[in-house]
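The values are calculated or read from the model by the stated rules, or taken from the named source; none is laboratory data. Please read all numbers here as calculations on a predicted model, not as lab measurements. Note that each Cβ is placed from the backbone with ideal geometry, even for glycine, and that neighbours are counted across all protein chains shown. Just the protein is used for accessible areas: all its heavy atoms, side chains included, with ligands, DNA and RNA removed. Shrake-Rupley method; radii C 1.70, N 1.55, O 1.52, S 1.80 Å.
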Amino acid sequence: QVQLVESGGGLVQAGGSLKLSCAASRRIVSLSSMGWYRQAPGKQREMVASITSGASTNIADAVKGRFTISRDNAQNTVYLQMDSLKPEDTAVYYCRMRVASMTDYWGQGTQVTVFS
């Protein structure tokens, strides 16, 4: 079994930065993509950023230019660098790793709160 452990969330003032990390407890074979989703109170979960095994990225319009997704060379960890944070970025952020487009692994979620 694979467990995804997230870290890096917290309370930050608007304009500040945070870096989220998500590490797999075991090496994942046939990993196809990794990504970050977020869910704010009363809203649906939305995709924030994703990166494929080929290193192509997809960034949501709401965070484009402010957030950057990256991964380590071993593909065991995915990061989300969040800069110029806004109060509307406040949400629980979830890490997801997809195996061969058939199985998804999800992290436990980490709270990001941005205050003005």
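Explain nothing, just the number: relative contact order of the chain, from Cα pairs under 8 Å at least 6 residues apart, as a whole percent.
36
Subtracting the Cα-Cα distance from 0.36 nm times the residue separation, let me have the gained length for residue 62 to residue 47 in nm, one decimal.
Gain on extension, residue 62 to residue 47, equals 4.4 nm.
In what sequence, highest mean first, do 5-13, 41-49 appear when ranked by Cβ atoms within 10 angstrom?
Working: 5-13: 15.0, 41-49: 12.6.
Taking the mean over residues of other Cβ atoms within 10 Å, the ranking is 5-13, 41-49.
When a/c reaches 1.5 or more, the comparison of a/b and b/c decides; with that in mind, is the range 1-63 rounded, prolate or oblate per its Cα gyration tensor? Could you put the intermediate results ahead of the total?
On the way: a/c = 1.83, a/b = 1.46, b/c = 1.25.
It is prolate, given that a/c is not under 1.5 and a/b is the larger ratio.
How much accessible area per residue does the chain have, counting only protein heavy atoms and a probe of 1.4 Å, in square angstrom?
Values: 6150 Å² over 116 residues.
So the chain comes to 53 Å² accessible per residue, rounded to a whole number.
Rounded to whole Hz and in sequence order, give me ³J(HN,Hα) for the range 11-18 from the Karplus expression 6.51 cos²θ - 1.76 cosθ + 1.60, θ = phi - 60°, writing x for Gly and Pro.
9, 9, 6, 3, x, x, 9, 9
In whole percent, how big is the carbon plus sulfur part of the accessible area of the chain, probe 1.4 Å, protein atoms only?
In the chain, the share of accessible area belonging to carbon and sulfur is 46 percent.
Rounded to the nearest 5, what % of DSSP beta bridges with both residues in the chain are antiparallel?
Working: 39 of 44 bridges.
The antiparallel fraction comes to roughly 90 percent.
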